[in-house]
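Undergrad: The following block contains the structure, expressed as structure tokens.
The values are calculated or read from the model by the stated rules, or taken from the named source; none is laboratory data. As the structure is a prediction and not an experimental result, all values here were calculated from the model. Heads up, the Cβs are rebuilt from the backbone with ideal geometry, glycines too, and the neighbour counts pull from every protein chain shown. We work out accessible area using only protein heavy atoms, side chains counted, and drop any ligands, DNA or RNA first. Shrake-Rupley method; radii C 1.70, N 1.55, O 1.52, S 1.80 Å.
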Amino acid sequence: MAQLAASSLALPANPQDKRAVTVQTRPRTRFAPSPNGLLHLGHAYAAIVAHDLARARGGEFLLRIEDIDGTRSRADLVPEIIADLEWLGLTWDGSVVFQSQRLASYAAAGEKLMAMGLLYPCTCTRAEVAFAAQDVGPDGPIYPGTCRGKTAPPGAAVAWRIDMARASDLAGPLWWEDELAGRKLAGPEAFGDIVLLRKEAPASYHLAATLDDAEQGVTLVTRGADLLRASHVHRLLQALLDLPVPIWHHHPLIIEADGRKLAKRRGSPALADLRRAGEDGARLAAALRDRVLPAGLSFGEGVERSA
């Protein structure tokens, strides 16, 4: 697999950020699957990229289970995830971390952002947002600001949205580095006022992942190219919450013939099925490292399209 040389990125001083990562020689990476479905080849490749980058540079590879996705998270799938990774020949450092054990951290961050006047309660449903939205951003319909400046009725189920314009003004200009995509100027405004604390879960992906990476000391965030856009929001949250800034590595995705990335919800072949069928996990991992894929699959950006 390519791109395993020691990182030579050295970030110059940024007046808006006193905690930028300088030079990485022994990175700490992570693989962070959600137990809402069985792992597939795309997950295997993501785990191998993170694992191999850490091992090749004398660093550490961590495993985190992102299990706060409401009723979709299934505890019975965690042993399957671990068995799949072991079958591929991957090892990790330290204990497995579960997001469900870190709820206090998400609540504390939310309280800090509220105290800064950057969050407001929202009672809108997804259907109402989709109906009222006039533009679409990286996360879907851009929230039109229906609840901004309003007070939620007592006892109402609310989500907490970030006032993106105000937050961006407070943070000032920000940038971040990606080992493959280069330097990026952060543009979180394109997302609009996204939800950070959800009605049905303790925190959004954006908030939880940013806090978890900081808490675990992750210095090289490896994930698929489809999440490159999310880094604009994560960079903003790091500035607002005074968190250390990692370097990113957004690798290509494994995509189907129609250009869509592999997905649990579309029934992409599961690693567990291959494992139980007696296939050689180490051999599969070697093929992925050599970028050899089954017929009908290829590497690409993996643009999501409507089904």
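Undergrad: About its Cα centre, how strong a charge dipole does the chain have in debye, to the nearest 20, once Lys and Arg get +1 and Asp and Glu get -1 at the Cβ?
TA: Details: 35 positive and 36 negative charges, 36 e Å.
It comes to approximately 180 debye.
Undergrad: Moving to a separate point now. Return a whole-number percent for the relative contact order of the chain, with Cα pairs under 8 Å and 6 or more residues apart as the contact set.
TA: On the way: 543 pairs, mean separation 68.1, N = 307.
Computed value for the chain: 22 percent relative contact order.
Undergrad: At a 1.4 Å probe radius, which order do L227, L220 fall into by accessible area, largest first?
TA: Numbers: L227 55, L220 0 Å².
I get L227, L220, largest accessible area first.
Undergrad: With unit charges on the beta carbons (Lys and Arg positive, Asp and Glu negative) and the dipole taken about the Cα centre of the chain, which residue among I68, A201, G58 sits farthest to the positive side?
TA: Of the listed residues, the answer is A201.
Undergrad: Please work out the FRET efficiency for the pair L180 and A287, using the Cβ-Cβ distance as r and a Förster radius of 30 Å; give the result to the nearest 0.05.
TA: Numbers: r = 21 Å, r/R0 = 0.71.
Computed FRET efficiency for L180 and A287: 0.90.
Undergrad: Which far-off residues, 5 or more places away or on another chain, put their amide H under 5 Å from the one on H40, with H placed in the peptide plane?
TA: Hits under the 5 Å cutoff: L271.
Undergrad: Per 0.36 nm of contour for each residue apart, how much would the distance between A127 and E111 grow if the chain were fully extended, relative to their Cα-Cα spacing? Mind showing how you got there, number by number?
TA: On the way: separation 16, 0.36 × 16 = 5.76 nm, distance 2.74 nm.
Additional length available on full extension: 3.0 nm.
Undergrad: While we're here: Could you work out the relative contact order of segment 140-209? I mean the mean sequence separation of Cα pairs under 8 Å and 6+ apart, divided by the number of residues, in percent. Please list the in-between numbers first.
TA: Values: 67 pairs, mean separation 25.2, N = 70.
With pairs under 8 Å counted, the relative contact order is 36 percent.
Undergrad: So what is Rg over Rh here for the chain, counting just Cα atoms and using Kirkwood for Rh? Working shown, then result.
TA: Numbers: Rg = 19.6 Å, Rh = 20.4 Å.
Computed over Cα atoms, the ratio is 0.96.
Undergrad: What full-extension length gain, to one decimal in nm, is calculated for T25 and D258 as 0.36 nm per residue of separation minus the Cα-Cα distance? Provide the component values of the computation, followed by the final result.
TA: Numbers: separation 233, 0.36 × 233 = 83.88 nm, distance 3.86 nm.
Result for the pair: 80.0 nm of gain on full extension.
Undergrad: Test of understanding: what is the full-extension gain from L241 to A152, defined as 0.36 nm times their sequence separation minus their Cα-Cα distance? Working shown, then result.
TA: Details: separation 89, 0.36 × 89 = 32.04 nm, distance 2.51 nm.
Extending this stretch completely gives an extra 29.5 nm.
Undergrad: Oh, and also: Once both labels are modelled 7 Å past Cα along the beta-carbon direction, what's the L103-T71 spacing in nm?
TA: About 1.8 nm, to one decimal.
Undergrad: Rounded to the nearest 5, what % of DSSP beta bridges with both residues in segment 146-296 are antiparallel? Walk me through the numbers on the way to the answer.
TA: On the way: 7 of 13 bridges.
That works out to approximately 55 percent antiparallel.
Undergrad: For the chain, what is the percent of antiparallel DSSP beta bridges, rounded to the nearest 5? It would help to have the intermediate numbers written out before the result.
TA: Numbers: 19 of 32 bridges.
So the antiparallel bridges amount to about 60 percent of the total.
Undergrad: When the scattering of segment 133-181 is computed by the Debye formula from its Cα atoms alone, each counted once and equally, what is log10 I(q)/I(0) at q = 0.14 Å⁻¹?
TA: Scattering profile of segment 133-181, log10 relative to I(0): -0.58.
Undergrad: I'd like the carbon and sulfur percentage of the solvent accessible area for the chain, probe radius 1.4 Å, heavy atoms only, ligands and nucleic acids excluded.
TA: Working: 7650 of 14200 Å².
Of all accessible area on the chain, carbon and sulfur atoms account for 54 percent.
Undergrad: Quick one: P(r) of segment 74-131 from all Cα-Cα pairs, 5 Å bins, percents rounded to integers, in order of increasing distance.
TA: 4, 12, 12, 13, 12, 13, 12, 11, 9, 2
Undergrad: Sequence neighbours fewer than 8 away in the same chain don't count; with that in mind, list the lysines whose C-alpha is under 29 Å from K112.
TA: K112 reaches K18, K150, K184, K199.
Undergrad: If ligands, DNA and RNA are left out, what is the accessible area of E215 with a 1.4 Å probe, given in Å² to the nearest 10?
TA: Taking all protein chains as shown, E215 has close to 130 Å².
Undergrad: Still on this structure: Take each complete run of DSSP H in the chain, measure how far its Cα atoms stretch along the helix's own axis, and keep only those covering 20 Å or more with mean Kyte-Doolittle hydropathy at least -0.5; list them.
TA: Values: long enough: 41-56 (22 Å, 0.69).
Membrane-span-like by this criterion, though nothing is claimed about a membrane: 41-56.
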